[in-house]
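To keep things clear, I will list the structure first and then write my remarks on it.
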Ligand SMILES: [Zn+2]
């Protein structure tokens, strides 16, 4: 089938397009304008045409998310647009709500290896969007043992490759490297050069080893790092230390907002976003996503068990769950970000400062660390805030003045253009994840396309796309899902020495008395045709 | 071998499927219960429930909801059997552990000969119940208190003593109590183990509270032993498909959860449902009701019914007759199991999918 989206304002930064024109689709792919009549034509005059958006970090599925739902039956609104619409918080709604905003690919970034099958089963039930998982390593005994015993780099890489293939992941994330393992030995605070008691390894050593292995295996997505000391006053120094430790190799820092805190002012809590932005600006091999905070009730879901344990006293409502897991664990703590709260207002400002002070939209990514900073349904409001200093001024006028005084936000005049939004949410994430077939509108790309009405009300514009195509299928019209289909999961499978397979079998047998079969995600278990697409390694 | 029956008479499978679809199409208040099935079966059952406005419940909901009640009203610390197996230096067992709980304790927690912590691990068992004292001895556990009825009092005083508050009277001497709390505090990584099948939510909450308090100075975590019939797996499917646990109704077009209102036994005895779909693929477990409304039963072979089902179809066992994904108690995760003795016997997922396909779309109800 030949489809033409005609006469829209096409914004496609990867192909240097920014102007009026057509986009053509044959079946599931974008093609050059053919010398043929289209079977179907959609008039996009006066509308904005972009590739489908890509979310690099959003906790949407798996044991952690399921358990958060079970912990909070009263939060069935948590994934719905606030405050009015009360819809279910389910896999179905997740796919539905992402699609209506024009998002077509989402990365679930926190899958401990033993929980991979669970995550993929749920992702397979999340309609419309494509998805991917990041496998979490760095607090697992096997890896720490390899480092402790000074095993070869090749042995280390084989293990990382084995985990990637068994768990069908697109990349590797490390969460408070060593800190979660140290917590099992009753350590309550853990910084970049602190040492895991049982193994004598620093966080730095773990991060560097993983960063090198991911790079050497040719996995396109750089190591995805959740730093130590999340949420603590003065923790910008931890982030600066981690950025400096990246040295010459690529490194991605997740939800940097949660590390943007200084100790200035009467309350010993201030924004250090300017220092962080400056460090990111001068370190070209480092990318970050923001983890913007928005006001309202939410739930924090984090594999940083140590941090979540320490945060449990701030739970609102007063309930929480901490899991000391095999390879990592998780902490689930509900939280309410309040406009009237000094600290929450500073957090909100820090996120926006990072967006606005980091110069290169190719290296700063759009996230709320859903649902940790805010539900992903708040994205349209954040786009609007980035695009209008007047809107930001309106918001700031309703926030505690003493909070704004310890940030630089009031002095920032920058406004994002639609082109920059397209870079940050389309072209750049595709590049970061190594997905050459999406994030742009060039010939050969998967026909994932979002068409928006060009409204001055950017919230309304981004909340409900006029048209969304997934693999060339029209799935959303005027903000409503018109067709359900099943997406696929993107994964890498770098080459490895098969000797590791035998070693892992022995490890599971000896350590747990179990077959290692339970770690595997067999394709047949997902009951969908072709549930995975493999992304080539470099 | 016969595999399908209508009103007790052997029939071809296709006829049984058609009859089941006819019954579902003619019913307005459907209950899907038992739910002893793998992930694929649960997905199919929940989809059917959403489409027909039915209510879903699991035969072990009671045990699941006791732990869930505590979780959704306070703070809990949990670990997995695997982590407990390799790391715990202290096990604090609480209350009776019978049936599947006892099996899990032996297989997954106390573990095999290779268990690295076997020698240095100490086991304390609070009020195991008189009948389990010998078993406690064989696993090397020191019983503190005996009768199950003494557990709430013992836990309350123990918790008070651990937290440094005055401890009242309990079934053991204050000296003994002090020894126990000192011992717990000296653990490096302790794990409390319980089975919700025989404990009150109040007791579970006290135990979880004790675990939380012990973390003020050391590391301690909790390990609820999983009920049978993939109850935890089904719980998670319910969460991702509906946002809510079992005992959820779709009658009003949205998911509505109520542990009392949507208890399958209450619904059947009060006559609030006009059709029951009973699922038990892991065991030949019949529904417990004397006078259920017309019933479609999907069960393991050899199920002896109190009241015969209108439609009865024998289904295969996940991981034996066909591959299946279900909760794996050893690791606390979902895991895939290939068929060990592949057979032609239909799976729950396939049976329900075929019944659903043959059921006419209810007028005006969207899915
Ligand atoms: Zn995150």
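Across segment A:315-328, the qualifying residues are those that are at the interface with chain B (Cβ under 8 Å from one of its Cβ atoms) and in contact with a strand residue (DSSP E or B) (Cβ under 7 Å, 6 or more places away or on another chain), and the one among them that is surrounded by the most Cβ atoms within 10 Å (Cβ to Cβ) is A:324. Which of the residues spanning segment B:336-355 are assigned to a loop (DSSP other than H, G, I, E, B) and more than 14 Å from every other protein chain (Cβ to nearest Cβ)? Within segment B:336-355, B:341, B:343, B:344, B:345, B:346 meet the criteria. When every residue of segment B:341-348 is checked against the conditions, at least one turns out to be at pLDDT 95 or above, in the same structural domain as residue B:28 (by TED's automatic domain parsing), closer than 19 Å to residue B:49 by Cα and buried (at least 22 other Cβ atoms within 10 Å of the Cβ). In the list B:136, B:115, B:101, which residue meets the criterion of being modelled with pLDDT under 85 and under 27 Å from the mean Cα position of the chain (by Cα)? Just one listed residue meets the conditions, B:115.
The set of residues in segment B:61-72 that are at pLDDT 95 or above and either facing another protein chain (nearest Cβ under 10 Å) or in contact with a strand residue (DSSP E or B) (Cβ under 8 Å, 6 or more places away or on another chain) (or both) comprises B:63, B:64, B:67, B:68, B:70, B:71.
Of all residues in segment A:155-166, one or more are within 18 Å of the chain's Cα centre (by Cα) and either facing chain B (nearest Cβ under 10 Å) or modelled with pLDDT of 95 or more (or both). So which residues in segment B:234-255 are at the interface with chain A (Cβ under 9 Å from one of its Cβ atoms) and in contact (Cβ under 8 Å) with a residue 12 or more places away in the chain? Across segment B:234-255, the qualifying residues are B:235, B:236, B:237, B:238, B:241, B:242, B:243, B:244, B:245, B:255.
Taking segment A:405-415 as the range and being touching a helix residue (DSSP H, G or I) at 6+ places or on another chain (Cβ under 9 Å) and either surrounded by fewer than 20 Cβ atoms within 10 Å (Cβ to Cβ) or more than 17 Å from residue A:353 (Cβ to Cβ) (or both) as the test, the residues that pass are A:408, A:410, A:412, A:413, A:414, A:415. Within segment A:346-378, the residues that satisfy the criterion of being within 16 Å of the ligand (Cβ to nearest atom), under 22 Å from residue A:104 (Cβ atoms) and assigned to a helix (DSSP H, G or I) are A:376, A:378. Right, residue A:400: more than 27 Å from residue A:284 (Cα to Cα), out of contact with any helix residue (DSSP H, G or I) (no Cβ under 7 Å at 6 or more places or on another chain) and touching a residue at least 24 places away in the same chain (Cβ under 8 Å) or not? Answer is no for this residue. So which residues in segment A:98-122 are part of a helix (DSSP H, G or I), under 22 Å from residue A:255 (Cα atoms) and away from the ligand (no atom under 16 Å from the Cβ), if there are any at all? Selection gives A:98, A:113. Considering segment A:241-260, the residues that are more than 16 Å from the ligand (Cβ to nearest atom) and assigned to a loop (DSSP other than H, G, I, E, B) include one that is surrounded by the most Cβ atoms within 10 Å (Cβ to Cβ), namely A:246.
The set of residues from segment A:478-493 being in contact (Cβ under 8 Å) with a residue 40 or more places away in the chain and at positive phi comprises just one member, A:479.
Just one of the listed residues (B:307, B:333) is modelled with pLDDT under 95 and either away from chain A (no Cβ under 14 Å) or in contact with a helix residue (DSSP H, G or I) (Cβ under 7 Å, 6 or more places away or on another chain) (or both), and it is B:307.
Look at (1) away from chain B (no Cβ under 14 Å); (2) crowded, with 24+ Cβ neighbours inside 10 Å; (3) away from the ligand (no atom under 16 Å from the Cβ) and you find that residue A:238 fails only one, number (2). Here is the figure for segment A:293-315: residues that are within 12 Å of the ligand (Cβ to nearest atom) and in a helix (DSSP H, G or I) total 2. Being under 29 Å from residue A:386 (Cα atoms), within 14 Å of the ligand (Cβ to nearest atom), within 14 Å of chain B (Cβ to nearest Cβ) and touching a residue at least 60 places away in the same chain (Cβ under 8 Å) is not true of residue A:288.
Is it fair to say residue B:275 is within 14 Å of chain A (Cβ to nearest Cβ), closer than 30 Å to residue A:122 by Cβ and surrounded by 16 or more Cβ atoms within 10 Å (Cβ to Cβ)? It is false that residue B:275 is within 14 Å of chain A (Cβ to nearest Cβ), closer than 30 Å to residue A:122 by Cβ and surrounded by 16 or more Cβ atoms within 10 Å (Cβ to Cβ).
Of all positions in segment A:210-217, none carries a residue that is away from the ligand (no atom under 16 Å from the Cβ), touching a strand residue (DSSP E or B) at 6+ places or on another chain (Cβ under 6 Å), in contact (Cβ under 8 Å) with a residue 12 or more places away in the chain and under 19 Å from residue B:219 (Cβ atoms).
The values are calculated or read from the model by the stated rules, or taken from the named source; none is laboratory data. For clarity, every value in this text was computed on a predicted model and none was experimentally measured. Please note: Cβ atoms are built from the backbone with ideal geometry, for glycine as well, and neighbour counts cover all protein chains shown.
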